[in-house]
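Please read the structure below before turning to the comments.
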Amino acid sequence: MRRGVGLTVLAAALSVVVSGCGSGVIDKSTDGVPPAEATGTLRVLIPSFPPSTKGREAFQNVVDEFHKTYPKMKVEPDFATYNNLNEKLATSIAAGIPYDVMVTGVGWVQPFASKNIFEDLGKYGVTPDFIKEKSTPALIPAVTYDKKLYAYPLLADARAVALRKSAFIEAGLDPNKPPTSLAEIKVAAEKLTKRDKNGNITRSGFDLASATGFRQSFTTFLASTGTPLYVGGEPNFDNKAGLDTLLWIKSMINNVQPYGQTNAAQQPLVLTGEAAMGIVNGAVDCSDKGIGKKNCDDLKFFRFDSGKEIEYVGGDLASIGSRSHHKDAAWAFIQTMVNKPTLDAIAKLNKKIPAYKDAGNSPQAQSNPLSNFTANGLQYAANENEVPSNWLEMRGNFDIQLTQAVLGQKDPAKVLHNLAGQSR
């Protein structure tokens, strides 16, 4: 979700993509060569494995399994993070040395597929029905461009909403009947907000998790009204639902939560007790090394529902580079990654949900109450949906302009109209 760095560089690189391979040194193609005889180097861009000892060990297990099929192929990993993934991709494109396997996130497939950077996976049997049978159907829109699929889901990065039971009881609210609509949440949040004698907020009533921008929170709240941000790449927010949602966010900031509020641990504020309600990530550590059992027992999880029950879901999505000379080997590598034991290991490393059919029964889902809740709610998944091909440039615009609207610096209706125009 932290993907704002390097978008200008990447956009520039994408704009000059040509059919040639630049000045890079490229192996001879192994496509069509029997796997046991294929040689060369498979370049893998893989932010799903943290560049730690445990991450490298888990990745090596994938390589060892892959070598059972492709024993002579070398594997060259690039342990990128989502903070530097854009620069890695831009450098690769500019240098003409393509990655064979690329893992990106929701909102990335359409821009890359539209520039012929990603390979259509239809030739490997990846269809919507295939993903429905094997993986997480909720992520089908995120991997689709022009009715073709260009990535395969590895992990689901889900969000939920949490409340502090003790705070609810203190405020005279029933924690067993959480507010789910935007209107209900505002009423409850105002009751839950604590202030000092000078009127400064000492405990937020609701943490919108928007310290770095309002794009994801706006997308989430809008989706709960039954309105996806985009439909088939076309903007779907320059309307009454979009304006009402943006005005609701505006009414919350500096009312139930100070603008830009965060904490040193970069944890959701409701987990630390700094907020009575709020958006949380997809896992919580209830051990003594984490927030502890007492804190966990004080939490209840729920989903937004202003007409449609939703759970925001991002994810890690694996693609094959269209300029790869080892497409068959790249697909074999992806198939190795989506084995259940491998996905379980990656999910644990990233505190996300493995994107396979019965994720609710996965070790990660069973390891903590929040992962269990989000894993069993993937059928309610919502996100930006099928975004336009200029989405990598639009992401930053959303955060900047929505923030200006929320802070009263620009007219909210004009902001949404401008963003819709820029999306086309």
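The values are calculated or read from the model by the stated rules, or taken from the named source; none is laboratory data. Since the model is a prediction, treat every value here as computed from it, not as a measurement. Cβ atoms come from the backbone with ideal geometry, glycine included; neighbour counts cover every protein chain shown.
For this structure, a couple of remarks:
- Counting only helices (runs of 4 or more DSSP H) that sit completely within the stretch 266-345, those holding 1 or more residues that are assigned by TED's automatic domain parsing to the domain that holds VAL103 and touching a residue at least 24 places away in the same chain (Cβ under 8 Å) correspond to 327-337.
- Where a residue in the stretch 394-409 is more than 14 Å from TYR259 (Cα to Cα) and its partner, wherever it lies, is of a type in the set (Gly, Ala, Ser) and not in a helix (DSSP H, G or I), with Cβ under 7 Å and at least six apart: MET394/SER423; ARG395/GLY4; ARG395/GLY107; GLY396/GLY4
- Any hit, the stretch 351-363, residues being part of a helix (DSSP H, G or I) and hydroxyl-bearing (Ser, Thr, Tyr): no
- Inside the stretch 1-52, residues that are part of a helix (DSSP H, G or I) and at pLDDT 65 or above make up a count of 3.
- Here LEU416, LEU407 are screened, and the one residue that is buried (at least 21 other Cβ atoms within 10 Å of the Cβ), in the same structural domain as PHE218 (by TED's automatic domain parsing), hydrophobic (A, V, I, L, M, F, W, C) and modelled with pLDDT of 95 or more is LEU416.
- With respect to the conditions (1) outside any helix (DSSP H, G or I); (2) surrounded by 16 or more Cβ atoms within 10 Å (Cβ to Cβ), THR374 falls short on a single one, namely (1).
- Just one of the listed residues (TYR70, TYR99) is in contact with a Gly (Cβ under 8 Å, 6 or more places away or on another chain), of a type in the set (Ser, Thr, Tyr) and touching a residue at least 40 places away in the same chain (Cβ under 8 Å), namely TYR99.
- Selection count, the stretch 364-384, where residues are among the hydrophobic types (A, V, I, L, M, F, W, C) and under 16 Å from LEU154 (Cα atoms): 4
- Residue list for the stretch 377-424, filter: assigned to a loop (DSSP other than H, G, I, E, B), more than 26 Å from ALA347 (Cβ to Cβ) and among the charged types (D, E, K, R): LYS410, ASP411, ARG424
- Answer from ILE93, ILE97 - the residue that is farther than 24 Å from TYR312 by Cβ, hydrophobic (A, V, I, L, M, F, W, C) and assigned to a loop (DSSP other than H, G, I, E, B): ILE97
- Pairs are defined by a Cβ separation below 7 Å, a sequence spacing of at least 6 or placement on different chains, a first member in the stretch 210-236 that is at pLDDT 95 or above and among the charged types (D, E, K, R), and a second member that is crowded, with 20+ Cβ neighbours inside 10 Å and part of a loop (DSSP other than H, G, I, E, B); no pair meets this definition.
- Scanning the stretch 149-172 for residues that are without any contact (Cβ under 8 Å) to a residue 24 or more places away in the chain and out of contact with any Pro (no Cβ under 8 Å at 6 or more places or on another chain) returns GLU170, GLY172.
- Test: residue in the stretch 53-63 that is of a type in the set (Ser, Thr, Tyr) and part of a loop (DSSP other than H, G, I, E, B): no
- Within the stretch 298-313, the residues that satisfy the criterion of being under 21 Å from LEU139 (Cα atoms) and crowded, with 23+ Cβ neighbours inside 10 Å are PHE304, ILE310, GLU311, TYR312, VAL313.
- Any hit, the stretch 187-199, residues being acidic (Asp, Glu) and in a helix (DSSP H, G or I): yes
- Of the helices (runs of 4 or more DSSP H) that lie entirely inside the stretch 101-185, those containing 3 or more residues that are crowded, with 22+ Cβ neighbours inside 10 Å and in the same structural domain as VAL75 (by TED's automatic domain parsing) span 109-114.
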